[in-house]
Structures are given as structure tokens and as C-alpha cells.
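To keep things clear, I will list the structure first and then write my remarks on it.
The values are calculated or read from the model by the stated rules, or taken from the named source; none is laboratory data. If you're wondering where the values come from, they're calculated on a predicted model, not measured in any experiment. These accessible areas exclude ligands, DNA and RNA; they are computed on the full protein's heavy atoms, side chains included. Shrake-Rupley method; radii C 1.70, N 1.55, O 1.52, S 1.80 Å.
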Amino acid sequence: LRMCMCKTILMSISSTILEKYFNKLYRPLCLYALNITESYEESEDIVQQIFVELLEKAVAGSLEVGDMKGYLYTVVRNRAVKYAKKNQEKVSVESAMYLTDENALSISVEEEALVWDWIDALPTERRNIFLMAKQQGMKYKEIAIQLDISVKTVEGQMGKALKALRDKAIKIYLFFFG
């Protein structure tokens, strides 16, 4: 009985730590995979599958990783490249450079995470319109039809979203270089 209780405590600690990594790194890992796969769905699938596999190992008590963040990025990169090769999609020169420069990777992932935080901070309707246009590549008219709003409303919301993001970027720039 005592051994079972200890194993449960170790499991919950491992699961808790894994949950913290998931909450902190899920979006940056998806963005990292997206740079390689060029598929939103596939990049999310890759990252989710990796966390499921790690959770299974944590529950089994066999999760032993020294540098979890480094491990996650390595596994995501390997699976994303494997997906890209399997689907005969071209890994762009930019993606290849992104993969080889560790410093650029760290900075770029952190910058992307910051931008996603800014996007998440937008009002719900504005964020949805912005993501439909920029992430899904929809035309303003398509967005207007899907959301049952006017094209002018879509234009206005996009303008406000871009202005908000631009203002935040300028504040960061001025903070560091002003």
C-alpha cells in the first residue's frame, strides 16, 4: 500500500510538471511546427500527440527527461520534418535556417508567443475576424458572409486590430531602443 501511494504522488508531480510545460509551451511549439509543416492542423496534431505520449509515460512512471524544453523542441522539429518529407512538401530555406540557429529559434519563438499574447488580448469579435483574415486567409467579404456582418465592419475591426498590434510593437521597440 505504501509503494502505491508513493507512485501516485510521483505520478501527480510528473503530470503537474508536464501540465505546466503544456500551458507554457503549447502555442510556441505549434508555431515552431507550423514553420516547418505549413499546416495549422498538422502542427497542432504533432504537438498534442507528443504531450499525450509524455503524459502516458508520466502516468507509467517512466518519464525521465533532463531538459524538457529542449527535448520538446527537438521532438517537435523531428516529427514536423518527418511529416513534411512524408507529404513531399518543401521545407523552405527560411525554415531550414530557422532550424539551425538555436539563438534565432529562442528569440523567434518568444517573439511569436508575445504576438499571440497580444492577439489573445484583442476583444473576441476583433480577434476572430483578425484570425480569419490572417490565419485562415479569408477575404473580408467571406468573413462578412460567415459572421453575418457588413464588409465595412470587417474592415473596421481589422483596422483596429492592426492598430492595436502596431501600437504594442512600437511601445516595445521604444522601450528597448528609444
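For Leu63, are the conditions met, namely being open to solvent by 20 Å² or more (accessible area, probe 1.4 Å) and either over 18 Å from Gln135 (Cα atoms) or not in a helix (DSSP H, G or I) (or both)? Write out each step before concluding.
Values: open to solvent by 20 Å² or more (accessible area, probe 1.4 Å): yes; either over 18 Å from Gln135 (Cα atoms) or not in a helix (DSSP H, G or I) (or both): yes.
Criteria met by Leu63.
Which of the residues spanning segment 129-157 are at negative phi and more than 26 Å from the chain's Cα centre (by Cα)?
Residues of segment 129-157 that are at negative phi, as a first pass: 129-136, 138-147, 149-157.
Once the filter is applied, which keeps residues that are at negative phi and more than 26 Å from the chain's Cα centre (by Cα), segment 129-157 yields Lys141, Ala144, Ile145, Ile149, Ser150, Val151, Lys152, Thr153, Glu155, Gly156.
Which helices (runs of 4 or more DSSP H) does segment 68-178 wholly contain that include 3 or more residues that are of a type in the set (D, E, K, R) and at pLDDT below 80?
Values: elements: 68-86, 93-100, 102-120, 124-134, 140-147, 151-177.
Qualifying helices (runs of 4 or more DSSP H): 102-120.
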